[in-house]
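One structure below.
Read-outs throughout are calculated quantities, based only on the coordinates presented, and are distinct from any laboratory measurement. Here the structure is a predicted model, which means the values were calculated and not measured. Reconstructed Cβ throughout: ideal geometry from the backbone, glycine too, with neighbour counts over all protein chains shown.
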Amino acid sequence: MTTIQDTQTAGSEYQPVDGLLLEVEDLFVEFHTPDGVATAINGVSFELRQGESLAILGESGSGKSVTAQAIMGILDMPPAVIPSGHIRYCGQDLLTMPEEQRRKTRGPEISMIFQDALSSLNPVFPVGWQIAEMFRVHRGLNKSDALEKAIGLMERVSIPAARERVKAYPHQFSGGMRQRIMIAMAIALDPAVLIADEPTTALDVTVQAQIMALLQELQEERHMGLILITHDLGVVADVADRIAVMYTGRLVETAEVHELYARPAHPYTKGLLDSIPRLDQKGQTLAAIGGLPPNLLRIPPGCPFNPRCHMARDVCRTDLPPLHEVTPGRFSACHYAEEVINA
Amino acid sequence: MPEVILSAQDLVKHYPIKKGILRRTVGHVKAVDGVSFDLHQGETLGIVGESGCGKSTLGRLLMRLEEPTSGKVIFGGDDWSGASGRDLRRMRRDIQIVFQDPYTSLNPRMTVGDIVGEPFEIHSDVVPKGGRRKRVQELLDLVGLNPEHINRYPHQFSGGQRQRIGIARGIALNPKVLVCDEPVSALDVSVQAQVVNLMEKLQNELGLAYVFIAHDLSVVRHISDRVGVMYLGRMAELGEEDEVYTRPTHPYTQALLSAVPVPDPTLRGKREQIVLVGDVPSPANPPSGCRFHTRCWKAQDRCKTEEPQLEQRPDGVGAHLSACHFAEPRVIVETVDVSGVVPDERFASTDVRDTVVSDDAPADLQRMIDRSEASSGDQAYAPQDVTRLIDEQHGDHRPPTV
């Protein structure tokens, strides 16, 4: 097995302080459209440390993927605009960095895995060539050395007969194998932060289990910070250390994983947990959160969740609840968080 | 046990693979390769399996949307595999289908009233012409939608609401059987529960039997009375929900169950994980003998040559159908009986009505943002260029504001 560590350029200019890798502070992302301005991310703050797995949980439209894209710097701008906020990597603000410098962070420092591996890989180049590109572009290796590295990586992510298949094209691989190739590319330059955006949503359960096991193994081996973006409460329970729940572009709850499942502190989280059928339960009564998340152009005043909340009272319709500490280390954006947590 | 209403007997569907300029048939994709089961009145039969196992083709065969290569579908005592024309149409009245993707299975140019009322055009004797609009409104009400929205178009509804429209169309002719092909897999979790609850309510009220095809084993367990597990076009295991989930005897079922994540972090590392090696083989060239032997940890020489039959095999308590030479019960999921536990109504409700206060403007913007999240949970949203959407607004020449 090839070790990847040796390719790390000695004395990287980015050194985490106290294990703190990434700080997102009061981030806003807007989409300017003919119908008006939609605020997809509305004042989101969180941190990621070395070796930590943070899950960002939310339904479609909650802004979880936009958050990931903002961190990677791959938002389509326009229509997206980042009016304010900071994304600091090892203390340096990625948003104010010159593009050339930021480009050099993508791959060696922060990298990302996408949901749909088939459309994320280039169909006209062999997979080995695409993995090796990381070494050619960022490390200046020649073609044959880079290809050797690519084979080593393909072996590391358990692609059988890597040496023979290095010249194969993406369509010649199954969905699970393609996702392994994506992972190989993402870890190629030994990044400190790995963002996985719905990495297993398009895969079957048996393959999902393989891929999640591989991701966890790699994370432990390399002490990476992992941001897992997903809507699947089952996957999160298996992998995450900490969870951030998003709703209409805001964080509504953050907590350590056991705490969140045992005693959710926001009615939305509680409702989500009640609405999923569980494999290990029989005769379960499913309860649904009524209605839908609001249109981002017409977010209701007060708490954005109030039209769907069975607990909503007058104050919820007028005052936006801030994300506040309910018990040590637990944050919730609900006026009645204490009541929810004790329910 | 109630009487058998639909029966599949040794259903086979092979698709030819054609190659070359002469389009010669060089092989067959064996999508469904000998599947038999009975569906009883008013019950739900869940069909689970991974992609490519033939579960959707099976659903289409039951509906006669595909001609079976061989085998029979017997409905209410009549073999309808040979039926055509008027006979086929009469039979279709009793068996209807709900499709997976609520975004493509509704015609965008038709109003909801036309979509739900279309079955009455073909089966004109079900509801007389004058009463159709009223009947459509009743159906909308039944599936929890606002009957006043009868003149709206599909794009004005959300995914969950569209799936309700699909269900209303499915039940319009009072069928006895509804084939549901992945009806909730394109929906967000919080919306999934609404649709599942609605389907259960309709079953109780209308006495429908469901064939519920899905890849999500948790949803299938929740809704099904009996469950069939498919692998590469064959039924690997078939039994009562309890039998399949608490004492599975087929290694594939066991592996599948162990791979499903359970939303409970306290079980982390405590659950038995059977990790299968490799991928599902191609259905064009399925392995000899037992189709699962290439990935099975129990496989012996016998499995490579002799195909195991789906037959009653002991499961520790009784016996149920399993197709493994070495069938042996194994507890994979520790089941907790929670019947009688009522969820806290302060947070979520079991009400099946669609409670959304929908605003008049279509939620196109929401869709646009979802699309720009190229990888949001919904597979139904193909990533789309946002600027193109803006260009499509005729008469609006403002450049996108930056």
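Structure notes:
- Evaluated with a Cβ-only charge set (Lys, Arg +1; Asp, Glu -1), chain B carries a dipole of roughly 1340 debye about its Cα centre, given to the nearest 20.
- Nearest 10 degrees, 0 to 90: helix B:112-122 Cα axis against chain B principal axis: 60
- Angle of helix B:132-142 to the longest C-alpha principal axis of chain B, folded into 0 to 90 degrees and rounded to 10: 60°.
- Every pair of different Cα atoms in the range A:29-132 enters the Kirkwood calculation, which places the hydrodynamic radius at 15.8 Å.
- From phi via Karplus (6.51, -1.76, 1.60), per-residue ³J(HN,Hα) for the range B:86-98 in Hz, x at Gly/Pro: 4, 4, 4, 5, 5, 6, 4, 4, 8, 9, 10, 10, 10
- Rule-of-thumb Rg ratio for the range A:192-244 [Cα; 2.2 N^0.38 Å; N residues]: 1.06
- Computed on the Cα trace of the protein assembly as shown, the radius of gyration divided by the Kirkwood hydrodynamic radius gives Rg/Rh = 0.96.
- Computed magnitude of the charge dipole of the range A:215-341 (debye, nearest 20; Cβ of K, R +1, Cβ of D, E -1): 580
- Label point of A:D76 set 7 angstrom out along Cα-Cβ; within the range A:84-122, amide nitrogens under 17 Å from it belong to A:115-116, A:119-120.
- Shielding by partners - mean other protein chain Cβ count within 10 Å, residues of A:310-316: 1
- In the calculated pair-distance distribution of the range B:269-344, the portion above 13 angstrom amounts to 75 percent of the Cα-Cα pairs.
- Positive dipole terminus of the protein assembly as shown, leading residue within A:A343, B:I213, B:M235 (C-beta point charges): B:M235
- Per residue of B:334-342, other chain Cβ atoms within 10 Å of the residue Cβ number 4 on average.
- Largest mean-square fluctuation among B:Q100, B:Q254, B:Q300, in a Gaussian network model of chain B whose springs join Cα atoms under 10 Å apart, belongs to B:Q300.
- Residues A:I341, B:I122 in ascending order of nearby Cβ atoms (within 10 Å, fewest first): B:I122, A:I341.
- Counting Cβ atoms of other protein chains within 10 Å of each Cβ in A:30-43 and taking the mean gives 3.
- Think of each Lys and Arg Cβ as +1 and each Asp and Glu Cβ as -1; about the Cα centre, that makes the dipole of the protein assembly as shown roughly 2220 debye.
- The protein assembly as shown - mean residue ellipticity at 222 nm from DSSP helices (-39,500 (n - 2.57) per run, n ≥ 4, rounded to 500): -8500 deg cm²/dmol
- Above 24 Å, the calculated P(r) of the range B:52-151 contains 37 percent of its Cα-Cα pairs.
- Percentage relative contact order, the range B:178-326, counting C-alpha pairs under 8 Å, at least six apart: 19
- Extending 7 Å from the Cα toward the beta-carbon at both B:N151 and B:N107 defines two label points whose distance is 2.0 nm.
- Dividing the Cα radius of gyration of the range B:229-305 by 2.2 N^0.38 Å, with N the residue count, gives 1.21.
- Working note: Cα gyration tensor of chain B, eigenvalues times five, square-rooted, sorted largest first, giving semi-axes of 37, 26, 25 Å.
- Over chain B, relative contact order from alpha-carbon pairs under 8 Å, at least 6 apart, %: 17
- Mean separation of Cα contacts under 8 Å, 6 or more apart, over the residue count of chain A: relative contact order %: 20
- Distance between the range A:155-216 and the range B:190-225 - C-alpha centres, whole angstrom: 34
- Partners of B:K270 within straight-line reach, counting lysines whose Cα lies under 22 Å from its Cα and excluding those fewer than 8 residues away in the same chain: A:K282.
- Helix axis angle, A:175-187 relative to chain A longest principal axis, alpha carbon, degrees: 80
- When each of B:K176/B:K201; B:K55/B:K298; B:K30/B:K55; B:K18/B:K72; A:K143/A:K167; A:K167/B:K19 is checked by Cα-Cα distance, pairs over 19 Å: B:K55/B:K298; B:K18/B:K72; A:K167/B:K19
- 37 °C / 0.692 mPa s Stokes-Einstein diffusion coefficient of the range A:61-100, Kirkwood radius on C-alpha pairs, µm²/s: 299
- Volume per residue that the Cα convex hull of the range B:175-316 spans, once the total is divided by residue count, Å³: 160
- Pairs of Cα atoms farther than 36 Å apart, chain A, %: 23
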